[in-house]
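I have placed the structure first, in the form of structure tokens, so that the comments after it can refer back to it.
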Amino acid sequence: MRKQRPPFTPKTKTPAQKPDKATRYTIEQPDELMKFLLEKLAHKGRNTVKGILSRGQVSVNGKKTTRHDHALAPGDVLTIQWNITAEEDKPLGLHILHEDEDMIVINKEAGMLSIAGGEEKELTAYWQLTEHVRRSDPKSRIFVVHRLDRDTSGVMLFAKTEKAQQTLQNAWQEAVHERSYVALVERKVKQPEGTITSWLKESKTLLMYSSPVNNGGLKAVTHYKVLQNSSDYSLLEVQLETGRKNQIRVHMQDLGHPVVGDKKYGSTRNTIGRLGLHARVISFEHPTTGKLMRFETAIPGKFLRVFAPKA
């Protein structure tokens, strides 16, 4: 029987204090709070205005109110605090590295689904980013460009327009100049660098099988270089020439050094409490401007701590 996955528990951070940023209105005639806000903030859309009110960003005469039907009287001072964002409205398990009119680049934590599949109903990066863009425009959408496994952390792209998505996906091999991962694998990898080539085919049980000869699957090519090692572990930089499902995980098993925590593909230890795979760098041509963009994230501390001298 398949083990039930424990619920995702994101890290929490104490937000830094921001300088006061507010808009104030002096009420000139009797009105209802929601009606007044919709008139003054018409450019933001009804759902966004409702969110501002429900998050406690509105106060009347210095007292916060979330009631849509709050009665406003002449002389009342209404204040909207723009730097107040409820903790529950901040994305969980991801950090936005870059956002423009065409795309969003994020650093996803391990344990967060990129996008729900099938009947799954849980928090995903896709759902949260959709909510994020709809706060400024209820008609906004998010489009998936590529995915990371749930237990893989790191940098990934989402498009904000269908045109940007299609531009990136249709020319992925040409548009992406660099895509590298770090993998913490079991035991000492003796060869300082190498390339693994095989054909990957998915079974009915959703397991990817690797063959050194064409088995009717997809050709996969992975390059690796040892960054650090010990008798128990090796930290590898991994470059993808192709982007197949579970490619790095299967190729590390082929190498005889499965990714730490990857029981599905041969790992026998999970000393770091997560899968030892992180998408560290992506470099690509912007789908609209053509400008070369590069994003690099830090190697997770857990990957490095296994090499620390024992006390």
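The values are calculated or read from the model by the stated rules, or taken from the named source; none is laboratory data. On a predicted model such as this, the values are computed, not experimentally measured, just so you know. Please note: Cβ atoms are built from the backbone with ideal geometry, for glycine as well, and neighbour counts cover all protein chains shown. With ligands, DNA and RNA removed, areas are computed over all heavy atoms of the protein, side chains included. Shrake-Rupley method; radii C 1.70, N 1.55, O 1.52, S 1.80 Å.
Quick rundown of the values:
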item: Estimated inter-spin distance, GLU99 and SER140, nm [label 7 Å along Cα→Cβ]; result: 0.5 nm
item: Span from the segment 20-71 Cα centroid across to the segment 98-167 one, whole angstrom; result: 30 Å
item: Beta bridges by DSSP in the chain, antiparallel share as percent, to the nearest 5; result: 95 percent
item: Dipole magnitude (debye, nearest 20) for the chain, charges at Cβ of Lys, Arg, Asp, Glu; result: 940 debye
item: Leading residue at positive end of dipole, the chain (Cβ point charges), from VAL105, LEU227, HIS95; result: LEU227
item: Segment 30-39 - phi-based ³J(HN,Hα) in whole Hz, Karplus 6.51/-1.76/1.60, Gly and Pro as x; result: x, 7, 9, 3, 4, 4, 5, 5, 5, 6
item: Entries in LYS188/LYS263; LYS245/LYS291; LYS44/LYS160 that, when Cα-Cα distance is taken, lie over 20 Å; result: LYS245/LYS291
item: Selection from ASN246, LEU207, SER267, by position along the positive dipole direction of the chain (Cβ); result: SER267
item: Accessible surface of the chain [probe 1.4 Å, protein heavy atoms]: carbon and sulfur percent; result: 49 percent
item: Per residue accessible area in Å² of segment 217-269, where ligands, DNA and RNA are left out and the probe is 1.4 Å; result: 42 Å²
item: Simple label model, 7 Å out from Cα along Cβ direction - ASN83 to GLU296, nm; result: 3.2 nm
item: Segments 95-105, 200-210 sorted - mean Cβ within 10 Å per residue, highest first; result: 95-105, 200-210
item: Options (1) 127; (2) 148; (3) 181 - which one matches volume of the Cα convex hull per residue in Å³ as calculated here; result: (3)
item: Sequence-separation-based contact order of the chain, relative, with Cα cut under 8 Å and 6+ spacing, percent; result: 13 percent
item: Residue of GLU39, GLU162, GLU131 that the Gaussian network model of the chain assigns the largest fluctuation, springs spanning Cα pairs under 10 Å; result: GLU39
item: ASP232-THR195 FRET efficiency (beta carbon distance; Förster radius 30 Å; 0.05 resolution); result: 0.75
item: Computed [θ] at 222 nm, deg cm²/dmol, the chain (DSSP H ≥ 4; -39,500 (n - 2.57); rounded to nearest 500); result: -4500 deg cm²/dmol
item: Calculated FRET value between ALA22 and LYS204, using beta carbons and R₀ = 51 Å, to 0.05; result: 0.30
item: Max mean-square fluctuation residue, GNM over the chain, Cα-Cα springs under 10 Å, options VAL49, VAL221, VAL213; result: VAL213
